[in-house]
Amino acid sequence: MELITNNHVQFSRLRRLRSKKKVRVLFQETEIKLSDLILPIFVEEDLNHMAPISTMPGIFRIPEKLLSYEIEKYVKSGICSIIVFGISHHLDNEGSNTWNSNSIISRALRICKNVAPEIVLISDMCFCAYTTHGHCGVLDKKNVNNDQTILNLERQAIILASSGADFLAPSASMDGQVQAIRFALDRSGFYETGIISYSTKFKSALYGPFREATYSNLTENRSTYQINPMNRREAIRESLIDVEEGADALIVKPASNFLDIIRDIRERVYLPLIGYQVSGEYSMIKFASKAGAIEEKKIIRESLGSIKRAGADAIITYFALEVAKNSLL
């Protein structure tokens, strides 16, 4: 049957570029590699077994004594980068255990570096899992004291760098934290230790499973230091400030609800940009898949692809090991 069209009207046959698999592969614009993915891990002290996290199916708190085995497993599966979160049982108002050279995070970093010196080792920097109140810094009455928290971040930075971290990822959302950490590292001779800043971190409802994973004691919100999800200009400004303060790379957290912000920042900066697919994003996919609402393998690839397409160079994701094991990319 001949298609009758107006000779003066042209239309494009885009389906030529989708005609068969190899054509589609040839012209695919966005590629995701396993090396683009950063695996977050939780290491808990005084734990005797792998402890499943009920709100994050397939994710575990790792006991210190099994960490070497887990790291070896990651390396064999092809994981190139990890970000480590320590779960301490020594809490106080300031989170002082974070600048103890024998803290769980310090011990975990040393184990990781010893077992897999070639892996990119990132240490999260915060206080929420080390404070009795669950806030990301020193609580002064009902407010987090910005400048005192920065002093404590400097102390923490030196300990984490000396424990073997290649990069520090400050997530406390304190004003001036990147500059202070950079100065502290340089003063102590850690010129090669980089800073991957949670430069644009929103006060999101998607952190719930993470807080369960780390036994967060938070009873109030973090709206005085994390970004309002409705604020685009402020979100961009936060990242631009961290560039000026000396960050080596930036993180937008969460990723999926803020793809526009990833694109905004990508168009304005030349530093590496990372999207964090947070615990809530992970768990929504897991629970929806379990309910039969979506096909898990396809949505994993699609969700990671959308973050990469928006402009992220790398992605922190709890799916990293699953992707590696099942060749989902």
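Table for the structure above
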| quantity | calculated |
| --- | --- |
| Every residue from segment 160-170 that is within 21 Å of the chain's Cα centre (by Cα) and either crowded, with 23+ Cβ neighbours inside 10 Å or in a helix (DSSP H, G or I) (or both) | 160, 161, 165, 168, 169, 170 |
| Condition broken by residue 274, with the remaining ones in (1) surrounded by fewer than 16 Cβ atoms within 10 Å (Cβ to Cβ); (2) touching a residue at least 12 places away in the same chain (Cβ under 8 Å); (3) not acidic (Asp, Glu) satisfied | (1) |
| Test for residue 298: is it in a helix (DSSP H, G or I) and either out of contact with any strand residue (DSSP E or B) (no Cβ under 8 Å at 6 or more places or on another chain) or surrounded by fewer than 18 Cβ atoms within 10 Å (Cβ to Cβ) (or both) | yes |
| Filtered residue count, segment 136-159, keeping only those that are outside any helix (DSSP H, G or I) and aliphatic (A, V, I, L, M) | 3 |
| Qualifying residue in segment 88-97 (condition: part of a loop (DSSP other than H, G, I, E, B), closer than 23 Å to residue 223 by Cα and without any contact (Cβ under 8 Å) to a residue 12 or more places away in the chain) | no |
| Filtered residues of segment 106-155 (kept if of a type in the set (A, V, I, L, M, F, W, C) and more than 19 Å from the chain's Cα centre (by Cα)) | 111, 115, 116, 138, 139, 144, 150, 151 |
| Selection count where residues are among the hydroxyl-bearing types (Ser, Thr, Tyr) and within 12 Å of residue 200 (Cβ to Cβ), scope segment 258-307 | 1 |
| Positions within segment 309-329 being over 21 Å from residue 60 (Cβ atoms) and either surrounded by fewer than 21 Cβ atoms within 10 Å (Cβ to Cβ) or polar (S, T, N, Q) (or both), in sequence order | 309, 311, 313, 327, 329 |
| Condition check for residue 8: assigned to a loop (DSSP other than H, G, I, E, B) and either small (Gly, Ala, Ser) or at pLDDT below 95 (or both) | yes |
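The values are calculated or read from the model by the stated rules, or taken from the named source; none is laboratory data. Just so it is clear, the structure is predicted and the values come from calculations on it, not from any experiment. For neighbour counting, all protein chains shown are included, and Cβ atoms are generated from backbone atoms with ideal geometry for every residue, glycine included.
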